[in-house]
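For reference, the structure is listed below as structure tokens.
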2 protein chains.
Amino acid sequence: MSEKKRITLDDVARLAGVSAITVSRALRRPEMVSEAVRKRIDSAVAELGYVPNPAARHLATGRSNVIGVLIPSVTNNVFSEVLKGIYAASETSPYDVQLANTRYCANTEESALRLFASQKPAGMVVSGFDQTEAGRKLLETLDCPVVQIMETGEDPVDVCVGLSHFHAAEAATRHLLAQGYRRPGFLGARMDPRTRRRFAGFRAEAQAAGVFAEARVVTSTEASSVTKGAEMLRQLMAQAPEVDAIFCNNDDLALGALFEAQRLGLSVPERLGICGFNDLEVMAVANPSLTSVRTRRFEMGRSAIEIILARLDGGWQGPRVVDLGHEVIARQSTARQR
Amino acid sequence: MSEKKRITLDDVARLAGVSAITVSRALRRPEMVSEAVRKRIDSAVAELGYVPNPAARHLATGRSNVIGVLIPSVTNNVFSEVLKGIYAASETSPYDVQLANTRYCANTEESALRLFASQKPAGMVVSGFDQTEAGRKLLETLDCPVVQIMETGEDPVDVCVGLSHFHAAEAATRHLLAQGYRRPGFLGARMDPRTRRRFAGFRAEAQAAGVFAEARVVTSTEASSVTKGAEMLRQLMAQAPEVDAIFCNNDDLALGALFEAQRLGLSVPERLGICGFNDLEVMAVANPSLTSVRTRRFEMGRSAIEIILARLDGGWQGPRVVDLGHEVIARQSTARQR
DNA sequence: CATCATGTTGACAGCGCTGTCATTCGTCAA
DNA sequence: TTGACGAATGACAGCGCTGTCAACATGATG
């Protein structure tokens with residue numbers, strides 16, 4: 001019943017009455033083959049249901065059709081949006097996306113990178129700018145398009161697509177101050193490089209206004225989560241009860257903080273203003289709805305792939321640094337009467 | 001500076017003073033090579049930083065090192081947990097996971113399957129039992145371990161790991177009834193096969209108790225989301241205001257429904273009981289905390305890969321149907337005074 | 001001492017494809 | 001008419017690895 005034998009170029013060639021190499025050309029650069037022959041080949045391909053063997057192609061060309069993607073976490077909501085964009089853009093391309101999880105560890109990233117390098121990827125997508133030195137060098141010698149996502153930076157390996165977390169956090173803090181809050185605090189979990197830059201933005205803005213206090217900062221090295229947000233708010237209220245607003249380094253923390261504030265009987269936004277980061281879907285629906293900073297995660301993933309495809313196709317005319325920007329979405333959780 | 005040349009088996013062989021094939025063996029079946037030679041080879045490998053070329057191996061063996069994973073959605077929280085399990089279990093193995101998105105469409109799934117088939121995957125993970133006929137046949141002739149995840153079924157292609165959505169929904173409904181709710185409703189988005197089975201479980205249990213009413217069912221073909229949950233509750237309250245409890249086909253809907261209930265001034269759990277499905281992390285922290293049905297999604301992903309690895313390694317002694325079960329986690333949102 | 005099983009190593013071909021030539025043939029200018 | 005040239009096609013080798021089988025050494029056996 002099931003024919004186990006693989007259908008090869010030769011089979012197609014025989015059926016079409018041409019040589020294998022011509023079939024190969026007809027498939028890859030149809031313009032090099034006369035129309036008559038191309039038609040014969042196309043119908044032979046269809047008749048036999050021929051599918052090229054990527055491994056053989058890889059071996060012959062020394063190039064794989066893999067686009068490697070290095071992200072710190074598969075589960076984090078933020079990255080899952082990015083991934084969605086990546087898959088959306090790559091689906092119709094002849095390239096395969098291959099994911100590796102760096103777990104927020106530069107060394108893990110480096111070894112994953114090394115593994116990808118051995119496959120001669122068609123392109124690479126990596127998160128941020130905080131590679132190890134060897135990792136960075138590896139990326140530079142990879143000889144394929146490399147897109148750094150999640151943030152913007154001065155000197156990308158090749159191209160980067162993201163936003164300035166520092167500026168975004170500044171804007172969020174500015175919003176809190178504009179709403180009349182005067183004793184802002186900060187909740188930050190995981191404290192990866194981008195979280196740290198957000199903290200720096202918060203601090204810079206708060207210090208400029210003369211309202212920064214170390215006691216109103218609660219951080220954790222653990223992963224962020226809704227539960228964590230609740231815990232951290234409790235801790236913050238214990239150590240700095242005067243706090244009147246919080247900037248959370250992401251939406252999970254903000255949501256957890258909201259729930260906990262309700263349990264503690266702190267009215268939001270009157271007694272406590274809450275601002276998250278990323279603007280996950282839940283923020284708009286929560287009760288009260290939660291202020292957040294919108295980041296364009298889906299677009300980040302999508303353009304990363306689109307840039308790679310454009311590069312591979314000859315041209316990418318865009319700039320080396322693509323800033324997708326940010327937008328503070330003010331909602332009930334910071335809508336205090338001034 | 002950067003040596004572009006690939007290091008091959010031959011290079012290692014030359015340095016170790018043996019033939020290429022011996023190096024190949026030392027790497028794949030060390031027990032077939034004498035200890036002295038193995039040591040020389042190992043140090044040559046280390047010295048040169050040799051990394052095997054998977055494409056060449058694939059071509060020579062006719063087998064790739066790819067484990068194909070077909071899931072309906074990359075973003076859905078449920079699958080991201082499963083993915084995490086998959087990545088966790090495959091990370092240390094020599095196999096590469098490759099993902100394809102079926103978008104809840106059997107035809108998309110079939111063509112992805114066809115693509116994978118052409119790569120001779122080492123193993124396949126697919127979601128559920130609702131393949132097209134051709135898809136099912138393809139899986140059967142794939143000649144590699146195939147694990148169906150997300151649900152249990154009578155006749156898996158090979159092995160399946162999941163739970164009975166019907167029974168889980170029955171249990172949730174039983175819980176609502178045991179809490180004294182008498183006019184239960186159902187909120188269901190996306191209505192994929194598993195959602196439908198959950199609905200069937202809800203209906204069966206409600207009908208058995210004589211409390212099922214078609215008017216208290218709200219469904220949608222759109223994807224589920226927190227926003228959707230809010231919308232659907234509003235619709236339900238409009239068309240069947242007598243409803244006193246809802247079973248939501250997943251947690252996003254339940255959370256959205258909770259927020260909307262608060263906005264509508266419906267007290268939870270007194271006026272309205274809410275039960276979700278999957279027990280995402282947020283359920284325990286919400287205020288009030290939300291009852292849900294815990295499913296072991298991480299384990300599903302992990303065991304799928306473990307089963308494949310065991311199969312490839314010679315033996316998988318376990319059953320063909322692995323039921324990971326379910327557990328109703330009762331929380332405040334259904335804790336009504338009887 | 002011949003015989004044989006066992007353990008270790010190597011030679012060789014070939015997986016399916018493509019890069020690099022070489023070849024053929026028709027066309028057009030001189 | 002001739003030569004030159006470009007377009008279309010093909011022959012061949014080889015990408016890096018492994019399956020198969022042969023060769024060899026070793027020590028046990030009769």
Item checked: Simple Cβ-charge dipole of region B:234-338, Lys/Arg +1 and Asp/Glu -1, about Cα centre, in debye nearest 20 -> 100
Next item on the list: Would you rank A:ILE71, B:ILE329 by solvent-accessible area, highest first, keeping every protein chain in place and using a 1.4 Å probe?
Entry: B:ILE329, A:ILE71
Next item on the list: With θ set to phi - 60°, apply the Karplus curve 6.51 cos²θ - 1.76 cosθ + 1.60 along region B:132-144 and write out the HN-Hα couplings as whole Hz, x wherever there is a Gly or Pro.
Entry: 6, 4, 5, x, 4, 4, 4, 4, 6, 9, 6, 6, 8
Checklist line | Dimensionless Rg over Rh [chain B; C-alpha; Kirkwood] | finding: 1.13
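If you take the beta carbon distance between B:THR132 and B:ASP313 as r and set R0 to 45 Å, what does 1/(1 + (r/R0)^6) give as a FRET efficiency, to the nearest 0.05?
Numbers: r = 31 Å, r/R0 = 0.69.
About 0.90, to the nearest 0.05.
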Next item on the list: Please work out the C-alpha center-to-center distance from region B:255-272 to region A:143-210 and express it in whole Å.
Entry: 36
Notebook entry, point to check: Taking amide hydrogens as modeled 1.01 Å from N in the peptide plane, which residues meet the under 5 Å criterion relative to A:ASP158, leaving out close sequence neighbours?
Noted result: A:GLN148
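Report the extension gain between A:GLU222 and A:ARG103 in nm, rounded to one decimal, defined as 0.36 nm multiplied by the number of residues separating them, less their alpha carbon distance.
On the way: separation 119, 0.36 × 119 = 42.84 nm, distance 1.18 nm.
Contour length minus Cα-Cα distance gives 41.7 nm.
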Item checked: Hz values of 3J(HN,Hα) by residue in region B:53-69 - Karplus curve (6.51, -1.76, 1.60), Gly and Pro given as x -> 8, x, 5, 5, 4, 4, 5, 6, 8, x, 9, 9, 9, 9, 9, x, 10
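Could you sort A:LYS84, B:LYS228 by accessible area so the largest value comes first, with the probe set to 1.4 Å?
On the way: A:LYS84 85, B:LYS228 25 Å².
So the residues, ranked largest to smallest area, are A:LYS84, B:LYS228.
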Next item on the list: Once the label point is placed 7 Å from Cα along Cβ, list for B:LYS5 the distances to the corresponding points in the other copies, in nm, shortest first.
Entry: 4.0
Next item on the list: Could you pull out every residue, at least 5 positions away or on a different chain, whose amide H is within less than 5 Å of the one on B:THR102? Hs are placed 1.01 Å off N in the peptide plane, and Pro or chain starts have none.
Entry: B:ILE71, B:SER73
Check: Counting only other chains, what is the mean number of Cβ atoms within 10 angstrom of the Cβ of each residue in peptide A:74-83?
Finding: 4
Next item on the list: Partner chain Cβ atoms within 10 Å, averaged over the residues of A:279-292 - can you pull that number for me?
Entry: 4
Notebook entry, point to check: Which whole-Hz ³J(HN,Hα) couplings does region B:206-215 yield from phi under the Karplus relation 6.51 cos²θ - 1.76 cosθ + 1.60, θ = phi - 60°, glycine and proline marked x?
Noted result: 5, 5, 4, 8, x, 10, 8, 9, 4, 5
Margin query: Please give the Cα centre distance for region A:285-329 versus region B:60-127, rounded to the nearest Å.
Written below: 26
Margin query: Taking B:GLY314 in one copy and the same position in all the others, each labelled 7 Å out along Cα→Cβ, what are the pairwise distances from the first, in nm, shortest first?
Written below: 5.6
Next item on the list: Using a 10 Å cut-off on Cβ to Cβ distances, tally the other chain neighbours for every residue of A:137-147 and report the average as a whole number.
Entry: 1
Item checked: 7 Å along Cα→Cβ, label-point gaps from A:ALA204 to other copies, nm, shortest first -> 6.0
Next item on the list: Find the relative contact order for chain B and round it to a whole percent, using C-alpha pairs within less than 8 Å whose residues are 6+ positions apart.
Entry: 17
Checklist line | A:VAL97 long-range amide H proximity, modeled H, under 5 Å | finding: A:ILE67
Check: Which whole-number percentage describes the relative contact order of region B:9-52, with Cα contacts under 8 Å and a sequence gap of 6 or more?
Finding: 41
Next item on the list: Can you find, among A:ALA112, A:THR219, A:SER73, the residue farthest towards the positive end of the dipole of the protein assembly as shown? Put +1 on the C-beta of Lys and Arg, -1 on that of Asp and Glu.
Entry: A:ALA112
Note to self: Can you compute the charge dipole magnitude of the protein assembly as shown about its Cα centre, using +1 on each Lys and Arg Cβ and -1 on each Asp and Glu Cβ, nothing else charged? Give it in debye, rounded to the nearest 20.
What the structure shows: 180
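The values are calculated or read from the model by the stated rules, or taken from the named source; none is laboratory data. Owing to the predicted nature of the structure, the values given are computational and were not obtained by experimental measurement. All Cβ positions, glycine included, derive from the backbone under ideal geometry; neighbour counts span all protein chains shown. These accessible areas exclude ligands, DNA and RNA; they are computed on the full protein's heavy atoms, side chains included. Shrake-Rupley method; radii C 1.70, N 1.55, O 1.52, S 1.80 Å.
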